[in-house]
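The values are calculated or read from the model by the stated rules, or taken from the named source; none is laboratory data. Since this is a predicted model, take the numbers as computed values, not measurements. Don't worry about glycine lacking a Cβ; one is built from the backbone with ideal geometry, like all the others, and counts go over all protein chains shown.
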Amino acid sequence: MESPVNASERESVIPVGGTGAVAASSLTPQQREGLGRVVREALAGLQLMAAWGCRGFDADPALTDRLAALARMTAAVEERSRPPAPSLRAAPALPAAPPSTIAAGPGCLPPWKSESLDLIRRELGDCRRCGLCENRGNLLFAAGSPRPRLLFVADGPEEGDDAAGRLFSGEAGALLSRMIRAMNLPLDHTAVCTVIKCRPPGSPPPGKDELAACRPFLFRQIAAMAPDFICALGTTAARTLLDTDQGIAGLRGRLQHWEGRIGLMPVYHPAYLLRKPSAKKTAWQDLKLVMAAMGRPVR
Ligand code: SF4
């Protein structure tokens, strides 16, 4: 059988520490895949920690170089062994997927996993496609794992995120972290992104034009990230993803689909739960439905 490792990779050497090294060719493809998965998850975890407020810790800089070398070499192997089509890893509770409900516009519905997140971010660039670019401090693309099992989609950055330079930087983010922990889901299996990517200080909720300008990038992000499930946080996110005029109160409580491909649960936004703590119980019921559909134990 032809080796999945090309010539240059066969000659590469994985640095394993201060005492020695392991030739890449001495590992089986399964070992390389496993190693790659560990490294990728570790890196995603570090990215998530940074995005959610960890300011840093002491570490040997050489460790970062070794992790990057491992990730580069194993990413190529993983990419070749990845199946061409996605599958929901566990969705026993989902009803049959309805036909697509999203009104397609040019560039709105990309082929599955057709492009990388890097490419999408590069295309956004220093985006001036809507008025929210004025007085924007930071364009906030996403945070968390690039290949999450569960993706949280909110309407836009929270107040204060623009200045902080990261999504969910405040109390709503802290509550979201607690919700994820309560789901017994590793943080590095999750990610957050928003319909609109910019929120200048003091800006009102996004209007139709702004949502329409940014929506294609959200859809491409989701296709590239290929999560197993999405939680749409709040009315605007749920409406955008489900192409409906219904509010979150009418949409929550039942699993739906995005594009007939990904399980989607509308859930109250953590900022709303901070304003109305009595709704937390309802939100938890919805998250438990997600956990069950993901095949995770439900307490
Ligand atoms: S909100 Fe979206 S479309 Fe508008 S400027 Fe920011 S990135 Fe561009």
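Could you say whether any residue in region 140-153 is surrounded by fewer than 23 Cβ atoms within 10 Å (Cβ to Cβ) and within 17 Å of P266 (Cα to Cα)? There is at least one residue in region 140-153 that is surrounded by fewer than 23 Cβ atoms within 10 Å (Cβ to Cβ) and within 17 Å of P266 (Cα to Cα).
I'd like to check something: does region 221-230 contain any residue that is crowded, with 20+ Cβ neighbours inside 10 Å, out of contact with any Asp or Glu (no Cβ under 6 Å at 6 or more places or on another chain) and under 17 Å from C127 (Cα atoms)? Yes, that holds for at least one residue. Residues being more than 16 Å from the ligand (Cβ to nearest atom), touching a Gly at 6+ places or on another chain (Cβ under 8 Å), outside the structural domain of L289 (by TED's automatic domain parsing) and modelled with pLDDT under 50 are entirely absent from region 110-133.
Residue-by-condition table, conditions (1) within 25 Å of C133 (Cα to Cα); (2) out of contact with any Lys or Arg (no Cβ under 6 Å at 6 or more places or on another chain):
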{"position": "S169", "(1), (2)": "yes, yes"}
{"position": "L176", "(1), (2)": "no, yes"}
{"position": "M179", "(1), (2)": "no, yes"}
{"position": "D188", "(1), (2)": "no, yes"}
{"position": "P206", "(1), (2)": "yes, yes"}
{"position": "R215", "(1), (2)": "yes, yes"}
{"position": "A226", "(1), (2)": "no, no"}
